[in-house]
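The values are calculated or read from the model by the stated rules, or taken from the named source; none is laboratory data. The shown structure was predicted, so the numbers you read here are calculated from the model rather than taken from an experiment. Every residue, glycine as well, gets a Cβ built from its backbone with ideal geometry; the counts of neighbours run over all protein chains shown.
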Amino acid sequence: MLARALVSLLLIASAAQAEDDPRAVIAKQIPGTRVEDVRPTPVAGLYELTHGADIVYVTADGKYALSGDLLNLANNNENITENRRRAVRAKLIGAMPESEMLVFGPQNPKYTVTVFTDVDCAYCRQLHSQIADYNRLGIRVRYLFYPRTGPNTESWTKAEEVWCSSNRNEALTQAKRGVPLRAKACPNPVAKHYALAQDFALQGTPAIVLGNGELIGGYMTPGELAHELQKSR
């Protein structure tokens with residue numbers, strides 16, 4: 001009886017602690033939020049709420065939220081929010097197996113970038129037309145599909161056809177040149193890639209993610225990208 005009473009008291013105490021935890025309060029106030037999505041910030045009473053790589057800040061009572069970047073003025077305007085976004089992007093991309101990507105790279109790469117691409121995007125086609133130049137500079141390119149028009153569209157179908165081709169890398173090159181593929185349907189990761197792009201709140205393609213999680217929105221020449229990668233080391 002005593003043991004049972006102690007267990008009951010512990011459960012009550014644990015529940016009370018959970019209610020006092022601002023993370024639990026915030027999760028309860030905001031539908032769809034899990035406790036693990038909430039983290040304290042260096043600012044007393046302000047908590048970080050993360051959905052994918054999208055970050056907002058919420059008060060401890062869960063009643064007020066604000067969006068924008070949190071800067072540490074005492075540390076050379078360090079962008080706390082962007083540092084966190086980069087960490088989240090790197091983690092999410094790290095969870096995507098390379099077997100579900102299209103990889104173009106030299107034998108001994110200096111750098112690896114992950115590029116969200118759309119078969120019908122003009123600047124994506126420009127980037128891919130120079131893929132050999134990126135590779136010559138030691139840049140390994142891993143492609144994920146982001147057909148911007150969404151599911152059940154021509155661009156989405158083209159992405160699936162690339163994946164379902166016998167030689168995916170060659171099929172991507174042909175598709176970006178406007179060559180019809182007409183490969184038979186097969187299980188593919190296009191929806192998974194698209195969902196990740198949505199988590200990153202991408203506005204367009206190409207979207208280049210560096211190894212440290214930094215996001216570059218838009219096309220860069222091989223030389224420009226190599227210079228950016230050297231800086232990020």
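Just to be sure, is A95 closer than 30 Å to N188 by Cβ, small (G, A, S) and at pLDDT 95 or above?
On the way: closer than 30 Å to N188 by Cβ: yes; small (G, A, S): yes; at pLDDT 95 or above: yes.
Yes.
Restricting to region 132-154, name every residue that is surrounded by 14 or more Cβ atoms within 10 Å (Cβ to Cβ), in contact with a helix residue (DSSP H, G or I) (Cβ under 8 Å, 6 or more places away or on another chain) and farther than 18 Å from A197 by Cβ. Please lay out each step first, then the result.
Narrowing region 132-154 to residues surrounded by 14 or more Cβ atoms within 10 Å (Cβ to Cβ): 133-135, 137-148.
Filter again for in contact with a helix residue (DSSP H, G or I) (Cβ under 8 Å, 6 or more places away or on another chain), leaving 133-134, 137-139, 141-148.
The answer is D133, Y134, L137, G138, I139.
Beta carbons closer than 7 Å, at least 6 apart along the sequence or on distinct chains, pair a first residue in region 68-95 that is part of a helix (DSSP H, G or I) with a second that is surrounded by fewer than 18 Cβ atoms within 10 Å (Cβ to Cβ) and among the charged types (D, E, K, R) for T81/D69; E82/D69; L92/D199.
Annotation note: of A201, A197, the sole residue that is at positive phi and touching a residue at least 40 places away in the same chain (Cβ under 8 Å) is A201.
For every residue, the table says whether it meets (1) touching a Ser or Thr at 6+ places or on another chain (Cβ under 8 Å); (2) within 25 Å of L229 (Cβ to Cβ); (3) modelled with pLDDT of 95 or more; (4) surrounded by 15 or more Cβ atoms within 10 Å (Cβ to Cβ).
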{"residue": "D21", "(1), (2), (3), (4)": "no, no, no, no"}
{"residue": "T50", "(1), (2), (3), (4)": "no, no, no, yes"}
{"residue": "D61", "(1), (2), (3), (4)": "no, no, no, no"}
{"residue": "N108", "(1), (2), (3), (4)": "no, yes, no, no"}
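Report whether or not A159 is free of Cβ contacts under 8 Å to residues at least 60 places away in the same chain, in the same structural domain as L102 (by TED's automatic domain parsing) and under 30 Å from A87 (Cβ atoms). Even if it seems obvious, please write down each step before you answer.
Values: free of Cβ contacts under 8 Å to residues at least 60 places away in the same chain: yes; in the same structural domain as L102 (by TED's automatic domain parsing): yes; under 30 Å from A87 (Cβ atoms): yes.
Answer is yes for this residue.
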